[in-house]
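> Okay, handing you the structure first.
The values are calculated or read from the model by the stated rules, or taken from the named source; none is laboratory data. Quick caveat: nothing in here was measured; it's all calculated off a predicted structure. Neighbour counts are summed over all protein chains in view; Cβ atoms, including those assigned to glycine, are modelled from backbone coordinates with ideal geometry. Side chains included, ligands, DNA and RNA excluded: accessible areas come from the protein's heavy atoms. Shrake-Rupley method; radii C 1.70, N 1.55, O 1.52, S 1.80 Å.
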Amino acid sequence: MLSSEDLDALLQEMEPDIREADRALLSIVQLEKQGVTGAGRLEEYEPLLPRLSEVLKKHKEDVNRFEALEAKVLSMLERYGERVRIMSELFVQWSDAIQDIDGDITNLETEQNERQRLGLQ
């Protein structure tokens, strides 16, 4: 026999489980009231099996099409990413080339101005 303190401790430990069981029972009662449980009505569902089979087949086809489409989209995104990377590299190269050319032009202009100042041109 449990002491009063042990019984209180046990009940406190079990309280969440008891509350969960109570909620589950209420849900079951609600489902039964709505007629969702369908106990004893298997014969009503058996004629639907061919239709279920057809729906499952179409679902599998849809999943296969989705996976193929997903693969195509992924491939397109990978190609897009590669092209963006290439374009970025080209942009950096062009920017470097333009900066080099700009520096060369500045140097040539400076040399030309110096030659004109010295009267060599």
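> In nanometres, what is the gap between the two model label sites at GLU15 and ARG65, each 7 Å from Cα along Cα-to-Cβ?
Between GLU15 and ARG65, the label points sit 5.5 nm apart.
> Using unit Cβ charges (K, R positive; D, E negative) and no other charged atoms, how large, in debye to the nearest 20, is the dipole of the chain about its Cα centre?
The calculation lands at about 900 debye.
> Might you tell me the accessible area per residue for the chain, computed with a 1.4 Å probe and given in Å²?
That works out to 94 Å² per residue.
> Against the longest alpha carbon principal axis of the chain, how many degrees, from 0 to 90 and to the nearest 10, is the axis of helix 4-34 turned?
90 degrees
> Quick one: angle between helix 49-118 and the longest Cα principal axis of the chain, in degrees between 0 and 90, rounded to 10, please.
20 degrees
> Just the number: Rg to Rh for the chain, Cα atoms, Kirkwood Rh, two decimals.
Computed over Cα atoms, the ratio is 1.61.
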